[in-house]
Amino acid sequence: MSLAEAAIRVEELTRELNEYNYQYYVLAAPTISDYDFDQKLKELEELERQFPQLLDPDSPTQKVGGDITQRFHTVRHRWPMLSLSNTYSEQELRDFDERVRKAIGNDFEYVCELKFDGLSISLTYENGVLKRGVTRGDGIQGDDVTTNVRTIKKIPNRLKTDGFPDLFEIRGEILMHRAAFQRLNNERIENGEMAYANPRNFAAGTIKLQNSAEVARRPLDCFLYFLYSDNRNRLFNTHWDSLQAVKSWGFHVSEHTALCTSIEEVLAFIAKWDEARYNLSYDIDGIVIKVNDYGQQEELGFTAKSPRWAISYKYKAEQVETLFQSVSYQVGRTGAVTPVANLKPVLLAGTTVKRASLHNANEIERLDLREGDTVFVEKGGEIIPKVMGVNLLKRQPDAQPILYPLLCPVCGTPLVRKDGEAVHYCPNEDGCPPQIVGRMQHFIGRKAMDIEGMGDETIETFFKRGLLHNITDIYTLTDKQDELIQLERFGQKSIDNMIAGIEKSKEKPFEKVLFALGIRYVGETVAKKLANHFKTIDALMAASKEEIQSVYEVGERIAESVTEYFAIALHRQQIERLRQYGVQLAIEEKEIQRLGDSLTGKSFVISGVFEQFSREELTALIESHGGKLLSSISGKLDFLVAGDKMGPSKLAKAEKLGIAIISEQELLQLIGS
Ligand code: IVH
């Protein structure tokens, strides 16, 4: 294949894979099998290996967040991870009960458990130490995600008690609580990153990340619900007893588990949780019913796919029908336009629903939504429910399609949509009110300048009154106290409080200021990296796209966004004003924790998995001794710190360029010398 042909194919595959990822993660509606996805990904990887010049840092092969199954080692399960037969009907549950009775008689109990809506995981412990965490995969073999599993606080790395078997496997469900999902997803939306459709997808996407530090940042939980070991039946007679023991060994076992002696009791448990599930802080999608006694489980045995001693009852996702009235288009801080359906109010899962999310123009098209349609609305993990589909039987024959606006609904500027992106943007960054207000609200936010005594509403009021036009005006409020006191609900005390908050924000470190500017794709972590690398805003403003991109883990998309931001004269003027007001635009010398200078002037790339240190620890180690981290291997690089499982193409490239390849031990020696 020629380079030109390869380039075309790479572009084609990239576009397709990005779309599949979007369908999988955002819409939670994949249109391709995992296998076919993997085949395409492999093809792309192979092309990128053959033609390294075609490797884009934004390629789906490089992206964290993509379900890049093949980047993990495949491990065979010692005990296959079977699924359960499902039912939605009471009658089928009674049939299941009948079958059980026929096989083992009437003397038995059921254990009823919540069916957690996450992803299943199998953990192996040897002598009380966590050895491996493997995803379900195809049930026979799964992905070894041990490094990521180790970051989950609820999963013990070492058991503190004794009495457990020398070797056992324990199975459970990894999930994300709704509140964390909401918070992190909002953060992603604000940073212009892909949002996840529900907590399950977020958890699944997280456990497959290549960067364990990012996994650690996302709070995951894990409920354990099944024990396997060779000598299990000698230790316990029943599943219930095993759960109690497992809890005492330090595992997180749900307290919402019940022993039932009849199918009526099981049905009562199901009915109770059908209501009560909305009070849980995480999603469940049903109830699992297991025959308690191990001996009886063995008697019942398995079908090809699932045990005969267990079944899951699934709750129907609560769905209602209602009239779709109109679409509102909301413009966010980054200019991203989000369509929201206004609905005839309807009761759904205990709350009155008036609005539902439509995501973007593609989604409206997929639904083929028309004016006056009757729609199905479902409550998923999000607070705002989702339009799932249209009831075509109720469609008026002359119903008109929804036309996506060409102009910003607030400021009238023509909307733009970048190639390959699903979202429309209003490009009028500095003239579109919701963007200006949103940026100021972001600026004062807790993770940014953290200005006490000022809130989102204050910003809105001040903006409407013409007291604030952009972020820098916040520092002029000190001189506008006469005007402020005229405002309703603004007493001297709250003004004093706010002024003190504004003054205090001038002490916020440079990285917070950089984050507060609200540059697209510059989230907290990136802001920190850029601040540490460039040290001053002047150096960052003077840097080329390539220089910015050479910072460890900063990609082309971010670099482009940063240079575009500083290319705008208005932004540079704003920086000058912030400087005059005394805002921190450089790292204070004492902020850089310097432990030594032995690596000054040397550049490093870290790749692979290490024994002694995590990648983050190695990064800190290098930076604190004056070294710089680069994101990719080039002729400019001094050292490649290579661990296990490092990609062969990287290694080959480094060898070809004659770059020194060192181990973590050798890095330590370098620091020591
Ligand atoms: S028991 C052989 N218990 O549901 C026993 N599974 O459809 C297998 N799940 O793959 C599993 N909560 O991911 C069991 N309390 C629970 C569960 C549970 C959620 C998931 C699990 C499994 C799927 C089966």
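The values are calculated or read from the model by the stated rules, or taken from the named source; none is laboratory data. What you are looking at is a predicted structure, and each value in this text was computed from that prediction instead of being measured. With ideal geometry, Cβ positions are generated from the backbone for all residues, glycine too; neighbour counts draw on all protein chains shown.
Per-structure values
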| item | result |
| --- | --- |
| Only one of 594, 577 that is of a type in the set (D, E, K, R) and either under 23 Å from residue 429 (Cα atoms) or surrounded by 18 or more Cβ atoms within 10 Å (Cβ to Cβ) (or both) | 577 |
| Qualifying residue in region 313-324 (condition: within 13 Å of the ligand (Cβ to nearest atom), within 24 Å of residue 168 (Cβ to Cβ) and not in a helix (DSSP H, G or I)) | no |
| Filter pass, residue 235 being away from the ligand (no atom under 16 Å from the Cβ) and either over 23 Å from residue 198 (Cα atoms) or in contact (Cβ under 8 Å) with a residue 24 or more places away in the chain (or both) | yes |
| Filter result for the condition that a residue is within 13 Å of the ligand (Cβ to nearest atom), surrounded by fewer than 20 Cβ atoms within 10 Å (Cβ to Cβ) and within 20 Å of residue 171 (Cα to Cα), over 310, 258 | 258 |
| Filter result for the condition that a residue is over 30 Å from residue 502 (Cα atoms) and buried (at least 20 other Cβ atoms within 10 Å of the Cβ), over 605, 526 | 605 |
| Members of region 81-111 found to be near the ligand (Cβ under 9 Å from one of its atoms) and of a type outside the set (A, V, I, L, M), listed by number | 83, 85, 86 |
| Single unsatisfied condition, residue 489 versus (1) assigned to a helix (DSSP H, G or I); (2) surrounded by fewer than 19 Cβ atoms within 10 Å (Cβ to Cβ) | (1) |
| Scan of region 281-305 for residues that are away from the ligand (no atom under 13 Å from the Cβ) and farther than 14 Å from residue 100 by Cβ, ordered by number | 281, 304 |
| Qualifying residue in region 153-165 (condition: within 25 Å of residue 78 (Cα to Cα), surrounded by 19 or more Cβ atoms within 10 Å (Cβ to Cβ), without any contact (Cβ under 8 Å) to a residue 60 or more places away in the chain and within 16 Å of the ligand (Cβ to nearest atom)) | no |
| Strands (runs of 3 or more DSSP E) completely within region 576-673 that count 1 or more residues being in contact with a Gly (Cβ under 9 Å, 6 or more places away or on another chain) | 603-607, 639-642 |
| Restricting region 339-363 to residues that are part of a loop (DSSP other than H, G, I, E, B) and surrounded by 14 or more Cβ atoms within 10 Å (Cβ to Cβ), the residue that is farthest from the chain's Cα centre (by Cα) | 349 |
| Inter-residue pairs, beta-carbon under 6 Å, first within 14 Å of residue 158 (Cα to Cα) and in region 243-258, second away from the ligand (no atom under 12 Å from the Cβ) and in a loop (DSSP other than H, G, I, E, B), 6+ apart | 249/159; 249/161; 249/164; 250/156; 250/159; 250/160; 252/154 |
| Search result, residues across region 39-64 that are over 21 Å from residue 646 (Cβ atoms) and either modelled with pLDDT under 80 or not in a helix (DSSP H, G or I) (or both) | 58 |
| Conditions (1) at pLDDT 85 or above; (2) over 14 Å from residue 670 (Cα atoms): number failed by residue 593 | (1) |
| Count of region 136-170 residues which are in contact with a helix residue (DSSP H, G or I) (Cβ under 7 Å, 6 or more places away or on another chain) and part of a strand (DSSP E or B) | 2 |
| Region 492-539: number of residues that are of a type in the set (A, V, I, L, M, F, W, C) and in a loop (DSSP other than H, G, I, E, B) | 3 |
| Enumeration of residues in region 129-148 that are without any contact (Cβ under 8 Å) to a residue 60 or more places away in the chain and either more than 8 Å from the ligand (Cβ to nearest atom) or surrounded by fewer than 17 Cβ atoms within 10 Å (Cβ to Cβ) (or both) | 129, 130, 131, 132, 133, 134, 138, 146 |
